[in-house]
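Read-outs: derived from the displayed coordinates by stated rules, not from any lab. Since the model is a prediction, treat every value here as computed from it, not as a measurement. Glycine also receives a Cβ, built like all others from the backbone with ideal geometry; neighbour counts cover every protein chain displayed.
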Amino acid sequence: MPEPLTLHPDRFFDPDPAIRRAARAIYEDTATLPIVSPHGHVDPALLAENQPFPEPTALLLTPDHYLFRMLYSQGIDFDALGIPRQGPEGDGQQANADPRAVWRLFCAHYHLFAGTPSRAWLDYELHDLFGVRVLPSAETADALYDQVAERLADDAFRPRALFDRFGIEVLCTTDAAADDLRHHAAIREDNAAGTWGGAVRPCFRPDAVMRIAHPNWRAEIEALEAASGIAIGSYADFVRALEDRRAFFKAMGAFATDHAVVVPRTGWAANVEALFVRALRDEATADDQAAFEAHFLMEMARMSVEDGLVMQLHAGSLRDHNRAVYDRYGLDKGADMPVTTEWTRNLQPLLNAFGNDPRFRLVAFTLDESTYARELAPIAGHYPALVLGPAWWFHDSIEGMLRFRERTTETAGFYNTAGFNDDTRAFCSIPARHDLARRIDATYLGRLVARHQVSLGEARRIGRALAYDLPRRAYRLAEAEAPFSSLA
Amino acid sequence: MPEPLTLHPDRFFDPDPAIRRAARAIYEDTATLPIVSPHGHVDPALLAENQPFPEPTALLLTPDHYLFRMLYSQGIDFDALGIPRQGPEGDGQQANADPRAVWRLFCAHYHLFAGTPSRAWLDYELHDLFGVRVLPSAETADALYDQVAERLADDAFRPRALFDRFGIEVLCTTDAAADDLRHHAAIREDNAAGTWGGAVRPCFRPDAVMRIAHPNWRAEIEALEAASGIAIGSYADFVRALEDRRAFFKAMGAFATDHAVVVPRTGWAANVEALFVRALRDEATADDQAAFEAHFLMEMARMSVEDGLVMQLHAGSLRDHNRAVYDRYGLDKGADMPVTTEWTRNLQPLLNAFGNDPRFRLVAFTLDESTYARELAPIAGHYPALVLGPAWWFHDSIEGMLRFRERTTETAGFYNTAGFNDDTRAFCSIPARHDLARRIDATYLGRLVARHQVSLGEARRIGRALAYDLPRRAYRLAEAEAPFSSLA
Amino acid sequence: MPEPLTLHPDRFFDPDPAIRRAARAIYEDTATLPIVSPHGHVDPALLAENQPFPEPTALLLTPDHYLFRMLYSQGIDFDALGIPRQGPEGDGQQANADPRAVWRLFCAHYHLFAGTPSRAWLDYELHDLFGVRVLPSAETADALYDQVAERLADDAFRPRALFDRFGIEVLCTTDAAADDLRHHAAIREDNAAGTWGGAVRPCFRPDAVMRIAHPNWRAEIEALEAASGIAIGSYADFVRALEDRRAFFKAMGAFATDHAVVVPRTGWAANVEALFVRALRDEATADDQAAFEAHFLMEMARMSVEDGLVMQLHAGSLRDHNRAVYDRYGLDKGADMPVTTEWTRNLQPLLNAFGNDPRFRLVAFTLDESTYARELAPIAGHYPALVLGPAWWFHDSIEGMLRFRERTTETAGFYNTAGFNDDTRAFCSIPARHDLARRIDATYLGRLVARHQVSLGEARRIGRALAYDLPRRAYRLAEAEAPFSSLA
């Protein structure tokens, strides 16, 4: 007999009655607030084209490397999971092209996800979005597949309908420097025509043009030249081209940039022109790139001061750790691995140059939790420019978010944090992720109430700030609007 | 309508009924024990001169960089906070000289401190010391200012009266190597005359004479020459001068020394005379200083073995991270940032030389919590000389102290820790800080009782040891006295 | 009046009623499962010879460096504890040869262990094994000594009787590469003869032959030559000798190897023959050894792929930190100290070479908890070959095991962990250690139930997996048998 799938109304709250009582009251205030999603990886084509989702596997499994990394770790290979071999040495084929067979494999291993955030998100999506009431398992796989597939055929399950139903106030994508943003343009046309009101915004992510020692760098520069119409023969040209693209992104609604580095080193390079010329000659070394990246981040901060785009910095992920998987299946297959990250010394040049400037805003994300209390909270609790991004990636989880609050709040407070962002490419998981985050903030605040550190009234104000006002303020969505009571 | 300010009798205890019940019983035993404050930064002039505190802002805000760092992080500049521009490039002026205006700014932003230890300390001080019964806010600011100011005019609020009311058994200050300790002399005269009985002790902190590459080093050496009456032309002279000053401090009641380093490297330098001579010629490099500091710590440990002064070592704070703030406003403006700290290898030379010697006592403090369980607890749980200082600075907080106990107790036990010290320059916060620490130790011990690891009787004995006996033992206050029952 | 020694049936569970209720139900299922002990340090002679234990001190104190390290840290020297001076500069004598005097010293300091796992294990052993009902103290020491001594005289307290009473399904020892395994042979003979059924297995630990710069290396190589019958004049000979020994260990029942390194660096050394020849000439440097160790781990992994022995890797312990203690008393005196450990980059060569191979199994252990969530859980949650060993050594404790689950489960799940192993040389502590681990897993799972993340039914299945099935699967004990329901 299949086990039931239920969503307990108090799920994820601390079971202590005093904490739970307070958490419930705090969560009640935030549960129905609009979703602000200032950082994520949803494909804008989805919302521009508004096609029905094909079938359950393509919707729920294929875009979610959290899922297939776990299955892979237990000996289920990527071919069986229908992952196309799109790596540089892959043949482009998909070994298992039967989505129902992949779905069965997934359901038969649902127990692997016990205790993980994937399980929490999936339970929510299956239950609330698709009306599923039994736990996925080998036995229930086919019936669930049919049930989800049937729903997907309904127009109410098209992307824009879901966007509206999810209560998304704004959704940001992540886009390369040379991207033409045509899907965003299409959406903006529909916005202007009044055919759809959803706010979807691009985010400027120029990582590829920063990595001067990468084999693809020249191609990326050519794309940047094409997009900006600026011939790039020098670092000065490069800067102009970037300024041009930032202006374009801003005109298309962007309010932020995003930068991913392994080491968040910052600092002007005295010889930046020479570095750039070496790169144009395909002679840049790994050390050259490191110096260039440090300089590039300074330049981006300088531009942020000028154009007001919020700068996001994600550090500490060593990409494509598993060479064989990368070669065959390509990027984003769950094989990116975190490394230790040093912030105090690395950010000092950037913060000394721009960290006291009220025009500058930097949102920092780390995979190295040992830096929460040791480095990031002290920095965020002093420098006006820096706010802490939420618990990121592997730490976007119950315990991960609790650790984030436990280790940052006492030094940085709540108001130097940026609220939640979902950072997801799994569109249907967005409400589940925000709901989980709101519940965890509610239970953390409930603990403060139960320990008599703050009153319930204060905790409710902070809860609303974390769920809604702080991401809007961190990403400057609220600047042209009236201030919110919870921030007063 | 203003929100009430209340102090719940069970505040900071875990809300679980079994833990709370035990915590209450443990705390009952410790709440009224005398305060032992073996490490802090109160200005001894305060207690030597015993002048009334001027007004609320000068008493509560201006000496507390925890407060203005948070306000600064939210865009309120130091000028608005009335911080004098006393940095090397400052003009010495105070832009906002109206303490009531600063007070209003602080009260209007009281919500920023929710969840921080500053909030817990302030609530206690305002409520218990000044009788405040409403939360600070823009609306209540003026009334609170007047209320606190009125109290301060009362002789019962002079420093010595507060010292006595706080139940301070002994209070240590922190004093430079060349300090003449005249305020301590004045207090000792009053002690001898029987006009005041308060025990205030100096602590020998020779950091400035250790930093041989610092521009001020020569001036510091000259001050040391003047204070010791020893002309310093060689490292041997330097050692004699230090021994002279330690003897003087000890004669003036000191029982400890204090040393702050970024990296706790230790080890005899083979070429120490050459390093010292280079320093005298203003030619010492950063590497020279690093080697000299490592040697200096060995020398200090060697002297501690001989004169019995307890050696304190604080590591891992990178001072004055924000250059612009330092240049304009000077030291201690909330811009010191922690860095990773390695203890296992760095302390090995010192511990191998002195760590087995029963005459030696080293109290270690870290800002890198990842070393609690990995390095410091294993070291403290083996070497007889080393005890763990309490959760320090950013970690002197509810969660911070819980993490300290969670990560050190299982390997080092309770009896290799030094109890609490408040490390504060905010005199009026001393009882609040000790009360918070006692409550957290009580709730941690209550957890052990509720999990049936120790009996309530044992937990109460340990609670008293942590609050009173262990700091006395760690700092050798108890050596001439009878042993305490809780240590038996 | 002596304090009672009791074992509460709910000990170590979270006191929250909802968690405790679930924890109890989960623990009920696991409490009586057989003990699988795939990694430990019990002397096989104990079980081969089955002599009565001599007396309480030799049984409970002398083999347990957790105990005497704590006593030493509080100023009780090793001579007083009767530790023989067996270090390279020791005289081989035992200063205090009176075991009862040592026992008294231990009992008088029992309070030092409050809050440590040693206390939890000792309480269990004294209570359940020896029927003790009062807490050890100076007053109770003699009576307890007599009580334990009396029990030990009973045949029911001989090693094999205890092994059977403990419900040990299999116990692994740790044995040098050149060991003749004669005690294992003796046990196997008894197994074959039907005189005793206990399963005791060797584990291949070739660390000594890997450390090419160590003064003893040549002697170790000679022992390896003697054991394998292969003259070792080149690296190729060395490899053949190791393969020979692995085959012997496997034939004697081994199912795993074990490797301890300070830094888990891996990677083929291009010049391995040259390194080996330098070592044979006694010219290997520390750098040579580091490169050789990295290569050696690759070679061991390669052999594991071929012979199916599970590879265990323990990293991050700096042995014999206290030189004076080592010189006088020798190895394993509680002076091994952890250091930071980097896994992501260090393991990459090994994982890229073998981590995707279904024939390979690597169990990794760390003393650097900051790597649980940052490095090890992401790696274990992706690579099929790697599973996480349990919280190790200083972290084999209540809080330590909770941190392990809190930081690994959300990314790696439960099924990429290896269950518990006791890693002990204290034979009588084995049931206490497994019981504690099962209780902590039960309370962690109870928390998931109380937070409505999993049902109680799921949690019970996971509990059984952690206690029994997962160690069997990780160490490949179950391969020839039917799969267990809890893993389905």
| request: Label the range C:267-420 by shape, choosing from rounded, prolate and oblate, from the square roots a ≥ b ≥ c of the eigenvalues of the Cα gyration tensor; if a/c is under 1.5 it is rounded, and otherwise prolate applies when a/b is larger than b/c, oblate when it is not. | output: oblate
| Taking the Cα centre of the range A:1-124 as the origin and placing charges on Cβ (Lys, Arg +1; Asp, Glu -1), which of A:Ser73, A:Leu33, A:Leu105 is farthest toward the positive end of the dipole? | A:Leu33
| task | First check a/c for the range C:403-453, with a ≥ b ≥ c the square roots of the eigenvalues of its C-alpha gyration tensor; if it is under 1.5, answer rounded, and if not, answer prolate when a/b is larger than b/c or oblate otherwise. | result | oblate
| Counting partner chain Cβ atoms within 10 Å of every residue's Cβ in B:319-327, what's the average? | 4
| task | Using packing as a proxy for protection, rank C:272-280, B:31-39, A:214-222, C:371-379 so that the peptide with the highest average count of other Cβ atoms within 10 Å comes first. | result | C:371-379, B:31-39, C:272-280, A:214-222
| said: Over all directions, how big on average is the projection of the convex hull of the alpha-carbon atoms in the range B:1-88, in square nanometres? | reply: 10.8
| message | Percent of Cα-Cα pairs more than 11 Å apart in the range A:1-44, please. | response | 76
| query | Which percentage, to the nearest 5, of the DSSP beta bridges contained in chain C is antiparallel? | reply | 10
| query | How large is the dipole of the protein assembly as shown about the Cα centre if only Lys and Arg carry +1 and Asp and Glu carry -1, each at its Cβ, rounded to the nearest 20 debye? | reply | 1980
| request: Calculate the spin-label point distance for A:Ala286 paired with B:Ala97, positioning each point 7 Å from the Cα along the beta-carbon direction, and give it in nanometres. | output: 6.0
| message | So the label point sits 7 Å from Cα along the Cα-to-Cβ vector; using that for B:Pro54, what distances do you get to the other copies, in nanometres, sorted shortest first? | response | 7.4, 7.4
| request: Please state the charge dipole magnitude for the range C:349-488, taken about the Cα centre, from unit charges on C-beta atoms (+1 on K and R, -1 on D and E), reported in debye and rounded to the nearest 20. | output: 300
| query | Based on the alpha-carbon gyration tensor of the range B:331-488 and its eigenvalue square roots a ≥ b ≥ c, which shape applies: rounded if a/c is under 1.5, prolate if not and a/b is larger than b/c, or oblate? | reply | rounded
| Hey, fewest Cβ within 10 Å first, where do B:Cys172, C:Cys203 land in order? | C:Cys203, B:Cys172
| query | Between B:Met1 and the same site in the other copies, what are the distances in nm, shortest first, taking label points 7 Å from Cα along the C-beta direction? | reply | 5.3, 5.3
| Counting only other chains, what is the mean number of Cβ atoms within 10 angstrom of the Cβ of each residue in peptide B:456-462? | 2
| request: Before rounding to the nearest 500, sum -39500 (n - 2.57) across all DSSP H runs of length at least 4 in chain C and divide by the residue total; then give [θ] at 222 nm in deg cm²/dmol. | output: -13000 deg cm²/dmol
| Can you give the relative contact order of the range C:296-352 as a percent, counting alpha carbon pairs under 8 Å and 6+ residues apart? | 33
| message | Using only the alpha carbons of chain C, what is the convex hull's orientation-averaged projected area in square nanometres? | response | 23.0
| Relative contact order (percent) for the range C:33-115, with alpha-carbon contacts under 8 angstrom and 6 or more residues of separation? | 25
| said: For the range B:43-114 and the range C:109-139, what is the centre-to-centre distance using only Cα atoms, to the nearest Å? | reply: 53
| In a solvent-free Debye calculation with one equal scatterer on each Cα, what is log10 I(q)/I(0) for the range A:226-312 at q = 0.13, 0.14, 0.17, 0.23 Å⁻¹, listed in the order of the q values? | -0.45, -0.52, -0.76, -1.24
| task | Let me know the charge dipole size of the range C:70-122 about its Cα centre in debye, to the nearest 20, where only the beta-carbon of Lys, Arg (+1) and Asp, Glu (-1) is charged. | result | 300
| remark: Pseudo-spin-label distance B:Glu273 to B:Ala251, built 7 Å along Cα→Cβ, given in nm, is 3.0
| query | Which FRET efficiency value, to the nearest 0.05, do you get for B:Thr195 and B:Asp146 by plugging their Cβ-Cβ distance into 1/(1 + (r/R0)^6) with R0 = 35 Å? | reply | 0.60
| note | One decimal, nm, nearest first: from B:Gly229 to the same residue in each other copy, label points 7 Å out along Cα→Cβ, the values are 8.4, 8.5
| message | Taking each residue in C:2-13, count the Cβ atoms of any other chain within 10 Å of its Cβ, then average. What number comes out? | response | 2
| message | With a cap of 16 neighbouring Cβ atoms within 10 Å, and only residues DSSP puts in a loop, list the chymotrypsin sites (Phe, Trp or Tyr not before Pro) found in the range A:23-110. | response | none
| field | Peptides ranked, highest mean first, by Cβ atoms within 10 Å: ranges B:193-201, C:180-188, A:248-256 | value | A:248-256, C:180-188, B:193-201
| remark: Placing each pseudo-label 7 Å from Cα in the direction of the beta carbon, B:Glu222 and B:Gln86 end up separated by a distance in nanometres of 2.2
| Relative contact order (percent) for chain A, with alpha-carbon contacts under 8 angstrom and 6 or more residues of separation? | 21
| query | Hull surface divided by four, with the convex hull built on the Cα atoms of the protein assembly as shown: how many nm²? | reply | 53.7
| field | Over the range A:83-239, equivalent-ellipsoid semi-axes from the Cα gyration tensor in Å | value | 39, 24, 14
| request: In whole Å, largest first, what are the principal axis extents of the Cα atoms in the range A:168-260? | output: 44, 25, 18
| Amide H to amide H under 5 Å from B:Ala254: which residues, 5+ apart in sequence or cross-chain, H placed 1.01 Å off N in plane? | none
| request: For the range B:109-166, state what percent of all Cα-Cα pairs lands in each successive 5 Å bin, counting from 0 Å until the bin that includes the largest distance. | output: 4, 17, 24, 25, 16, 10, 3
| query | How big is the gap, in Å, between the Cα center of the range B:285-363 and the Cα center of the range A:422-475? | reply | 40
| message | Taking amide H atoms as placed 1.01 Å from N in the peptide plane, list the residues 5 or more away in sequence, or in a different chain, whose amide H sits under 5 Å from that of C:Asp336. | response | C:Asp320, C:His321
